[in-house]
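Beneath this line is the structure, given in structure tokens, with notes to follow.
The values are calculated or read from the model by the stated rules, or taken from the named source; none is laboratory data. Here the structure is a predicted model, which is why all the values come from computation and not from measurement. Glycine also receives a Cβ, built like all others from the backbone with ideal geometry; neighbour counts cover every protein chain displayed. Surface areas here come from the heavy atoms of the whole protein model, side chains and all, with no ligands, DNA or RNA. Shrake-Rupley method; radii C 1.70, N 1.55, O 1.52, S 1.80 Å.
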Amino acid sequence: MSQFYKKAVLLAFVSLASVPAFAEQATAETGVWSGSLGVVNKYIYRGGEENDDPSLQAGLEYAHRSGVFAGYWGSMLNYDPTDESQSHGFEHDFYVGYGRELNEDWSYKSQVIAYVYQGGGSVYNDDSSEKRRTTGVELLNDVSYKDLTVGMGVLLSDVNYGNAGDVYLNAAYSYALPYDLSLNTSVGVSIYNDSRDDSLVTTTEDLTFTEARLGFSKPIADTGLEFSADYVWGGKDREGERFDDNVVVGLTYSF
């Protein structure tokens with residue numbers, strides 16, 4: 001294990017020990033703190049491999065009783081978007097939004113999320129005449145009916161991996177099984193905006209199937225741990241390149 005991963009593991013467990021004590025200071029009258037710490041054998045996002053090695057992932061969120069919420073989520077990567085010589089990196093997601101339960105069946109959530117990558121900065125084309133930022137901002141909207149959730153994400157900024165106006169549509173359904181098992185399914189498609197293409201981002205596909213998932217999850221007694229396993233069918237990216245199929249196994253501690 002590299003020094004980078006050793007330091008990351010140590011930091012994650014120190015954070016895990018300190019966050020619950022801090023979270024208990026919040027009262028139910030104003031809002032609720034929640035968080036998670038987990039590990040997956042590989043990190044797959046919208047069909048693409050962000051890390052094909054084991055990845056530590058962690059999140060922390062505060063939800064106010066008004067419906068406003070804000071939080072952070074992060075994950076290890078096996079690349080640095082601004083430095084091709086690096087075999088590791090980190091993704092930091094910061095978000096703020098609003099959501100409400102309309103009744104016992106219906107709920108909705110809307111949020112703005114910023115994807116910030118280790119080192120930040122910009123990526124240039126071969127002759128350094130054009131550049132794109134690596135930090136992206138996206139508007140996400142979800143509507144849920146019981147165990148079914150449909151969502152839409154709209155990229156708000158041009159970045160090194162996409163154009164402003166790119167749309168991601170997804171649907172996810174979870175079904176309760178005996179023995180505290182849950183059957184989890186999801187599917188996603190992308191609608192790409194090619195009007196802002198340049199030498200860094202090119203689009204040959206307007207509409208693509210991105211990924212589909214089928215798997216299960218199960219809590220481990222009353223430990224706060226949950227085991228999950230998913231098979232991911234990879235679709236295509238904006239240039240028509242095929243994503244690999246993957247098996248993703250994870251263990252998450254929630255508090």
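Quickly run through the range 200-219 and pick out the residues that are open to solvent by 70 Å² or more (accessible area, probe 1.4 Å) and either part of a strand (DSSP E or B) or out of contact with any strand residue (DSSP E or B) (no Cβ under 8 Å at 6 or more places or on another chain) (or both). Break it down into steps so the answer makes sense when it comes.
Initial filter on the range 200-219 (open to solvent by 70 Å² or more (accessible area, probe 1.4 Å)): 204, 206-207, 209, 214, 216, 218.
Scanning the range 200-219 gives 204, 207, 209, 214, 216, 218.
Looking only at the range 224-234, filter to residues that are without any contact (Cβ under 8 Å) to a residue 24 or more places away in the chain and open to solvent by 50 Å² or more (accessible area, probe 1.4 Å); which one of those is nearest to residue 39 (Cα to Cα)? Per the stated criteria, the residue is 231. Among the residues of the range 69-117, those that are modelled with pLDDT of 95 or more and small (Gly, Ala, Ser) comprise 70, 71, 74, 75, 97, 99, 107, 110, 114.
In the range 242-253, is there at least one residue being at pLDDT below 95, part of a loop (DSSP other than H, G, I, E, B), more than 14 Å from residue 163 (Cβ to Cβ) and not small (Gly, Ala, Ser)? Among the residues of the range 242-253, not one is at pLDDT below 95, part of a loop (DSSP other than H, G, I, E, B), more than 14 Å from residue 163 (Cβ to Cβ) and not small (Gly, Ala, Ser), which makes the answer no.
Hey, among the residues in the range 162-174 that are in a strand (DSSP E or B) and of a type in the set (S, T, N, Q), which one's surrounded by the most Cβ atoms within 10 Å (Cβ to Cβ)? Step by step, filter the range 162-174, then rank; the result is 170.
Counting only residues that are within 17 Å of residue 69 (Cα to Cα) and open to solvent by less than 40 Å² (accessible area, probe 1.4 Å), how many does the range 116-141 have? Count: 2. Could you grab me the full set of residues in the range 72-92 that are in contact (Cβ under 8 Å) with a residue 24 or more places away in the chain, part of a strand (DSSP E or B) and buried (at least 16 other Cβ atoms within 10 Å of the Cβ)? Hits for the range 72-92 are 75, 76, 77, 80, 89, 90, 91.
Residues that are farther than 23 Å from residue 223 by Cα and either β-branched (Val, Ile, Thr) or at pLDDT 95 or above (or both): does the range 22-29 have at least one? There is no residue in the range 22-29 that is farther than 23 Å from residue 223 by Cα and either β-branched (Val, Ile, Thr) or at pLDDT 95 or above (or both).
Considering only the range 30-51, how many residues are at pLDDT below 95 and in a loop (DSSP other than H, G, I, E, B)? So the count comes out to 1.
Answer with yes or no whether residue 96 is closer than 26 Å to residue 209 by Cα and either in a loop (DSSP other than H, G, I, E, B) or among the hydrophobic types (A, V, I, L, M, F, W, C) (or both). Lay out the reasoning, then the answer.
Working: closer than 26 Å to residue 209 by Cα: no; either in a loop (DSSP other than H, G, I, E, B) or among the hydrophobic types (A, V, I, L, M, F, W, C) (or both): yes.
Against the criterion (closer than 26 Å to residue 209 by Cα and either in a loop (DSSP other than H, G, I, E, B) or among the hydrophobic types (A, V, I, L, M, F, W, C) (or both)), residue 96 does not qualify.
Of all residues in the range 142-161 being among the charged types (D, E, K, R) and under 21 Å from the mean Cα position of the chain (by Cα), which is surrounded by the fewest Cβ atoms within 10 Å (Cβ to Cβ)? The residue in question is 147. Taking the criterion of being of a type in the set (D, E, K, R) and touching a Gly at 6+ places or on another chain (Cβ under 9 Å), the only residue of the range 102-130 that qualifies is 109.
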